[in-house]
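Asker: Here you go, one structure.
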Amino acid sequence: MQKKAEKQRQSSSPQDILKQLYRTMLRIRLFEEKTAELVQKNEILCPSHLYIGQEAVATGVSASLRKDDYVFSTHRSHGHYIAKGGDLNALMAELYGKVTGCSRGRGGSMHLSSPEVGFIGSSAIVAGSIPLAVGAALAFSLRKQDRVSVAFFGDGAVNEGTWYESMNIAGLRKLPVIFVCENNLYSTHMPVSECLADTDIHRKAETFGMSGYRIDGNNVIEVYETAKKAIDAARRGEGPALIECMTYRWRGHVGPNYDIEKGLRSKEELDEWIAKCPIDRLEKQLLQQGLLTASEIQRIRSELKKAVDDSAVYAKKSPYPDEKTLLDNVFKES
Amino acid sequence: MAVIQFSQAINQALYQLLEKDPEVFLIGQGVTSPWYVGGTTLGLVDRFGAERVFDTPVSENGVTGAAVGAALAGAKPVLVFPRLDFMYYAFDQLINHAANWHYMFGGQLSVPLTIWGIVNRGGEQAAQHAQSIQAMMMHVPGLKVVMPSTPYDAKGLMVSAVTDGNPVMYIDERWLYQTKGEVPEEMYKVPLGKGVVRREGSDVTVVATSYMVLEALKAAEALAKEEHIDVEVIDPRSIKPLDKQLLLSSLKKTGRFVVVDAAWQTGGVGAELSAIVASEGFDYLKAPVARVSLPDAPAPSSSVLEKVYYPTSKTIIKKVKETVVR
C-alpha cells in the first residue's frame, strides 16, 4: 500500500489527488449520514438508498473523469452524483421534493441528474442505465471524440439480460464505456451466491472481448489506479472494460437501518466491513505519511459538515414545485 | 411532382435526414438488408457508410437503450423494428427510460429518438409477427405516435419525427409499401398532431388509421355509389398528439362516428376516440359510436382464418350502414 501511494506521488498522482479522494469520500459519507438522520426524522420522505461504505468506488472512478465524460447511475446514486461534481444543495433539495432540486422535484433520490457536470442520470430499473452508457459511448465514438462514459451498477444488475446485451454491444463495437460493478454482496436481500451461477463477475468480461478486473472496492487508491488505466485506454480507442469492485453497503437496501434487526445478515459480517472503512483507511495513510495532520483533518471535516448542514437548510427553505406545473415537461417544446 | 412508392418516400426522408444532419444515424435489425425492412433503406449504407447505418444484434432492449443513450448525448438516432412484435423486449427502455426521461429530470435533457416499427400483418405469419400495438404506445405519456397512410405523409412525418426532439414512435404498415403517391423532392415536414380530411362527406365520419385509410376510402366510394351514403374520411396521421378539433368538427357536421383501427378492440385507439366523442361531442351524436377493429384474439396463421380476422372495406361498409340506419 505504502509503495503504491509512493508511486502515485512520484508519477501521475500527486499528494493533491490523495487529498481530493479523501475529501470526496468524506463529503459523500457526511451527506449520507445527514440523509439517514433526515429520513429518520421524516424530513425526507422519498425512498433513499444510502451509499455509506461504498464511497471509494464512485470517488476512485470519477477522479479520472473529465466534466464532458458521462456518468450513468442507479437507484443508489447520491455518491456517484457527488463524486462527479454535482451540487449538494440541489441534491438535498431533490430529496426534499423541492423545485430547487437537481430534477426540480420530479425525480427524488432515485432520479438525479446534473448534465452540466456530466452526471446524466440515474435509473431505478436494475441495469436500466447500462445500455444508456453504451449509447452515449456510441455517440462519442461516431463523432470521433475522446470522451468516455461510465455505467455504475450493482451485482444484482448482472442478473439482467440487458447487462449481457450491453456488454456485447460495447465489446463488439469497441466503445469507450467503463462498466463499474459495485459488488456489495447483496441484491436487495439476496446474497450474490444465490443469484449468480458464477459469482466471479469480472471473468465475464473475457466473453465480450474486454479487460476485466476484480479489485478491493474499499481501497480508493486501487480503484483510482484501475479506473484510470481503463479510462485512459478507452479514451485512446482501445475499447471498454469491466471493473468489479468488492465492497459492502453498511445500511439496508433502502433507508437508514442496518438490516441486522431483520435477520438478513449478521452483525459480525457488518462489523468486519465497518472495520474496512474506506475513509478511515485513507485517513490513516494520510496521517502516517504526513500528508495531512490531525488538525487539518478536523478542519476538512467541519468544513464539509457545514456544507452538508447548509444543504439541508437550503432544501428546507426552498419552495415546493407549483401545482400548476404538474404537467410541464412531459414533452420538450419544440 | 414525382410519383413514388411509400417505401421510396421513407428512403428519401432517411437519405435527406442523414445528409443534412451528422447527428442522425440509422440502426436496427435489417437496415443493411435488401429486403428485411421492405427496401426502405436501399443505398443508405453505401452513401453514408457503416458507421451511420448499421445492423444490430438481436438485442432489442440493449440496442434501444443504446439509441436512447446516444440521443441523450445529442445524437438523433432512427431505430427500426422490422416487426412491432419484436419491440416488447424493448419496452423497458422505451417506456421507463426514453418516455420518462425529460419529465423525470425536470425538463433538462430530452431524448430525440425515432422508433420506427413496421406492422407486418397477414401472410400466415401468425401471432408473433403481425401485431399492431399503437394503443399501448399511445397510452404512455412522453411518447408521440404517428401513423402515415400516404407516401407524402410517410416522408413528411419521418422528417418531423426525427427533428422533433422527443421520442416519437413512427408506425407504418408493410401493406402500404407498394402504394404510390406524389412526393416533393425537397425535404418537408408534416406537422405532428395535425390530421387531414381524405374525403369530404356529410352523413357519417369515418376516422381510420394507417392502411385502413385506404380501405375506408374504398368503402366510402362504394357507399356513395350503392347506398347514397356520403362518408367523410379522416386520417389523423398522428394518434398522439391527436387532432381532436378535426374529429369533433367533422362529427358536428355528420352526427355519426365510426373509428377504424386494425388492432385489438379492447383499450384500443377506437376506445380512446370514442371516449373523446362521448365526452366532448355527445350533443352532436345522432347514433351510437361504432368501432371497426381486430377481434380480441391473437392473429391466426391459416389464411382462411386471416380473412375473417382482418377487417376490410366490406367490414367498414357494414358498420357504416348500421350506424346510418339508426
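Asker: Could you sort B:GLU272, B:GLU60 by accessible area so the largest value comes first, with the probe set to 1.4 Å?
Answerer: Values: B:GLU272 85, B:GLU60 20 Å².
My answer, sorted largest first, is B:GLU272, B:GLU60.
Asker: Please say if chain B is rounded, prolate or oblate, where rounded means a/c under 1.5 for a ≥ b ≥ c the square roots of the C-alpha gyration tensor eigenvalues, and otherwise the choice is prolate for a/b larger than b/c and oblate otherwise?
Answerer: On the way: a/c = 1.71, a/b = 1.60, b/c = 1.07.
Prolate, because a/c is 1.5 or more and a/b exceeds b/c.
Asker: Please state, rounded to one decimal and in Å, the Kirkwood hydrodynamic radius that the range B:228-326 gives when every pair of distinct Cα atoms enters the mean of 1/r. Write out the running numbers ahead of the final one.
Answerer: Details: mean 1/r = 0.0696 Å⁻¹.
Every distinct Cα pair counted, the radius reaches 14.4 Å.
Asker: For peptide A:124-132, how many partner chain Cβ atoms fall within 10 Å of a residue's Cβ, on average? Intermediate values should be presented prior to the final figure.
Answerer: Numbers: counts 2, 6, 1, 4, 7, 4, 4, 14, 14.
Mean shielding by partner chains, rounded to a whole number: 6.
Asker: If the viscosity is 0.692 mPa s and the temperature 37 °C, what translational diffusion coefficient in µm²/s does Stokes-Einstein give for the range B:122-182 when Rh comes from Kirkwood over Cα pairs? Could the numbers behind the result be given before it?
Answerer: On the way: Rh = 13.0 Å.
In µm²/s, the coefficient rounds to 252.
Asker: Continuing with the same structure: Starting from the exponent 0.38 and prefactor 2.2 Å, build the expected Rg for the range A:216-258 from its residue count and divide its actual Cα Rg by it.
Answerer: On the way: Rg = 14.4 Å, N = 43, 2.2 N^0.38 = 9.2 Å.
Relative to the rule-of-thumb radius for its length, the range A:216-258 sits at 1.57.
Asker: Let me ask something else about it. Can you list which of the GluC sites (Glu not before Pro) found in the range A:202-267 are DSSP loop residues with at most 14 other C-beta atoms within 10 Å?
Answerer: Answer in residue order: A:GLU238, A:GLU261.
Asker: Report the Rg/Rh value for the protein assembly as shown, based on alpha-carbon coordinates and the Kirkwood definition of Rh. It would help to have the intermediate numbers written out before the result.
Answerer: Working: Rg = 28.3 Å, Rh = 26.9 Å.
Ratio of gyration radius to Kirkwood radius for the protein assembly as shown: 1.05.
Asker: Normalise the Cα radius of gyration of the range A:2-323 by 2.2 N^0.38 Å (N = residues in it) and let me know the number. Display every interim value, and only then the final one.
Answerer: Numbers: Rg = 18.8 Å, N = 322, 2.2 N^0.38 = 19.7 Å.
Taking N as the residue count of the range A:2-323, the ratio is 0.95.
Asker: Need one number: the % of Cα-Cα pairs in the range A:92-245 sitting beyond the 18 Å mark.
Answerer: Values: 7029 of 11781 pairs.
Every Cα pair in the range A:92-245 considered, those over 18 Å come to 60 percent.
Asker: Moving on to the next point. For B:TYR152, tell me the accessible area in Å² from a 1.4 Å probe, rounded to the nearest 10.
Answerer: Counting only protein heavy atoms, the figure is 90 Å².
Asker: Using helices alone, I'd like the mean residue ellipticity at 222 nm for chain B: each DSSP H run of four-plus residues gives -39500 (n - 2.57), total over residue count, nearest 500. Please list the in-between numbers first.
Answerer: Details: 11 runs with 114 residues, N = 326.
Result for chain B, helices only: -10500 deg cm²/dmol.
Asker: Nearest 20 debye, what's the magnitude of the dipole of the range A:150-231 about its Cα centre given +1 on Lys and Arg Cβ and -1 on Asp and Glu Cβ?
Answerer: On the way: 7 positive and 11 negative charges, 85 e Å.
Using only the charged Cβ atoms, the result is roughly 400 debye.
Asker: Using C-alpha positions alone, give me the convex hull volume of the range A:197-334 per residue in cubic angstrom. Don't skip to the end; give the middle numbers.
Answerer: On the way: hull volume 38.3 nm³, N = 138.
Considering the Cα atoms of the range A:197-334, their hull volume per residue is 277 Å³.
Asker: Moving to a separate point now. Partner chain Cβ atoms within 10 Å, averaged over the residues of A:164-171 - can you pull that number for me? Please list the in-between numbers first.
Answerer: Working: counts 2, 12, 7, 1, 3, 7, 2, 0.
The mean count of partner-chain Cβ atoms within 10 Å per residue comes to 4.
Asker: A further question on this structure: Taking a ≥ b ≥ c as the square roots of the eigenvalues of the Cα gyration tensor of the range B:8-54, is the shape rounded (a/c under 1.5), prolate (a/b larger than b/c) or oblate?
Answerer: Details: a/c = 1.91, a/b = 1.29, b/c = 1.49.
Since a/c reaches 1.5 but b/c is at least a/b, the shape of the range B:8-54 is classed as oblate.
Asker: Hey, another quick one. Evaluate the relative contact order of chain B (contact order divided by residue number), counting alpha-carbon pairs under 8 angstrom at least 6 apart; express in whole percent. Write down the numbers at each step before the final one.
Answerer: Working: 732 pairs, mean separation 53.4, N = 326.
Relative contact order here is 16 percent.
Asker: Now for a separate question. At 0.36 nm per residue, minus the direct Cα-Cα distance, what do B:GLU51 and B:TYR188 gain on full extension? Give it in nm, one decimal, please.
Answerer: That works out to 46.7 nm of additional length.
Asker: What is the Rg over Rh value, at two decimals, for the range B:1-113, using alpha-carbon atoms and the Kirkwood definition of Rh?
Answerer: Ratio value, two decimals: 0.99.
Asker: In the structure displayed, which of A:LYS98/B:LYS189; A:LYS284/A:LYS317; B:LYS225/B:LYS252; A:LYS316/B:LYS244; A:LYS67/B:LYS194 lie more than 32 Å apart, Cα to Cα?
Answerer: With Cα atoms farther than 32 Å apart: A:LYS98/B:LYS189; A:LYS284/A:LYS317; A:LYS316/B:LYS244; A:LYS67/B:LYS194.
The values are calculated or read from the model by the stated rules, or taken from the named source; none is laboratory data. Being a predicted model, the structure only gives us computed values, none of them experimental. Positions of Cβ are backbone-derived with ideal geometry, glycine not excepted, and every protein chain shown enters the neighbour counts. Quick note on the areas: whole protein, heavy atoms, side chains included, nothing else; ligands and nucleic acids left out. Shrake-Rupley method; radii C 1.70, N 1.55, O 1.52, S 1.80 Å.
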